[in-house]
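Beneath this line is the structure, given in structure tokens, with notes to follow.
The values are calculated or read from the model by the stated rules, or taken from the named source; none is laboratory data. On a predicted model such as this, the values are computed, not experimentally measured, just so you know. Virtual Cβ from ideal backbone geometry, glycine too; neighbours counted across all protein chains shown. Quick note on the areas: whole protein, heavy atoms, side chains included, nothing else; ligands and nucleic acids left out. Shrake-Rupley method; radii C 1.70, N 1.55, O 1.52, S 1.80 Å.
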Amino acid sequence: MKENKYLLITIDGPAGAGKTTVSKMLAERLGYRYLDTGALYRAVAFGILENRVNFLDDVKLRNHLDTFVLSVIPDNNGFILEWNGTVLSEQIRTPEISITASAVSANPDIRAFLLGLQRNIGKNKALVCEGRDMGTVVFPEADVKFFLDADPLTRALRRHQELSRKNSSVSLEDVSRDMVRRDNNDRNRAVAPLRPAIDAFMIDATEMSPQSVVDKMMEYISSSVSSLSAS
């Protein structure tokens, strides 16, 4: 804990708050690896849809998970996800995958399946983890925790712009509707609902640029490390 390279940092928050952009920037600034844990759930959702698994059927889902092998391979400052010899990238970023991932993330079998994988990745620290329950469930002992949020319209606009850059024809109305549905799923699920950790530093990014958010995070990290070093 005396040096930044040993920190484990979590960034939680709803869809469209800017977590991915900010997490990557923060990891690069610190020289850390970046882990998008939402991508792990998207990968599981992708496998479920590809194999046409009824994830509401506990037996069929467990049988599927018993044979589901997801490789998480360190690459530069992040990780590559590979399933069945296929690198998972843009194909897990569709609106259909987003909705399915939000739905399956409430399943305790899937959460248990990914929990050990996530904790194993985080055991060496020097990591910025982005997700929904990083600071509350997966890494409750993380050194620094952030909760990033923004108002619903701003989040919907950001996500729509992101999809438009990828040549998606989805409308803003569809994005907004899917985001409301996903917010409800994430915040109201019985298992690990989306909420700030008690000791998380809250940031409202509605009127902030990604760079401003990262600067604010760096200030907080510096003060946190100073406090820990003095204690």
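Write out, first by first residue and then by second, each pair whose Cβ atoms fall under 6 Å of each other, whose residues are 6+ apart or on separate chains, and whose first residue, in region 112-123, is free of Cβ contacts under 8 Å to residues at least 12 places away in the same chain and among the aromatic types (Phe, Trp, Tyr) while the second is surrounded by fewer than 13 Cβ atoms within 10 Å (Cβ to Cβ) and assigned to a helix (DSSP H, G or I).
Pairs that qualify, where the first residue is free of Cβ contacts under 8 Å to residues at least 12 places away in the same chain and among the aromatic types (Phe, Trp, Tyr) and the partner is surrounded by fewer than 13 Cβ atoms within 10 Å (Cβ to Cβ) and assigned to a helix (DSSP H, G or I): there are none.
Scan region 155-191 for residues that are part of a loop (DSSP other than H, G, I, E, B) and open to solvent by less than 70 Å² (accessible area, probe 1.4 Å) and jot them down. Give the steps one after another, and end with the answer.
Quick first cut of region 155-191, residues part of a loop (DSSP other than H, G, I, E, B) only: 166-171, 189-191.
Hits for region 155-191 are 168, 170, 171, 189, 191.
Just to be sure I understand, how many residues within region 104-128 are in a strand (DSSP E or B) and either more than 19 Å from residue 39 (Cβ to Cβ) or in contact with a helix residue (DSSP H, G or I) (Cβ under 6 Å, 6 or more places away or on another chain) (or both)?
First pass over region 104-128, keeping only residues in a strand (DSSP E or B): 127-128.
Cutting the leftovers down to either more than 19 Å from residue 39 (Cβ to Cβ) or in contact with a helix residue (DSSP H, G or I) (Cβ under 6 Å, 6 or more places away or on another chain) (or both) gives us 128.
Within region 104-128, residues that are in a strand (DSSP E or B) and either more than 19 Å from residue 39 (Cβ to Cβ) or in contact with a helix residue (DSSP H, G or I) (Cβ under 6 Å, 6 or more places away or on another chain) (or both) number 1.
If I go through region 72-103 residue by residue, how many of them are part of a strand (DSSP E or B), modelled with pLDDT of 90 or more, crowded, with 18+ Cβ neighbours inside 10 Å and not hydrophobic (A, V, I, L, M, F, W, C)?
Residues in region 72-103 being part of a strand (DSSP E or B), modelled with pLDDT of 90 or more, crowded, with 18+ Cβ neighbours inside 10 Å and not hydrophobic (A, V, I, L, M, F, W, C): 0 in total.
Could you list, in sequence order, the residues of region 21-49 that are surrounded by fewer than 18 Cβ atoms within 10 Å (Cβ to Cβ) and either of a type in the set (Phe, Trp, Tyr) or within 23 Å of residue 115 (Cβ to Cβ) (or both)?
49
For residue 13, only one of the following conditions fails: (1) in contact (Cβ under 8 Å) with a residue 12 or more places away in the chain; (2) over 26 Å from residue 136 (Cβ atoms); (3) not aliphatic (A, V, I, L, M). What is its number?
(2)
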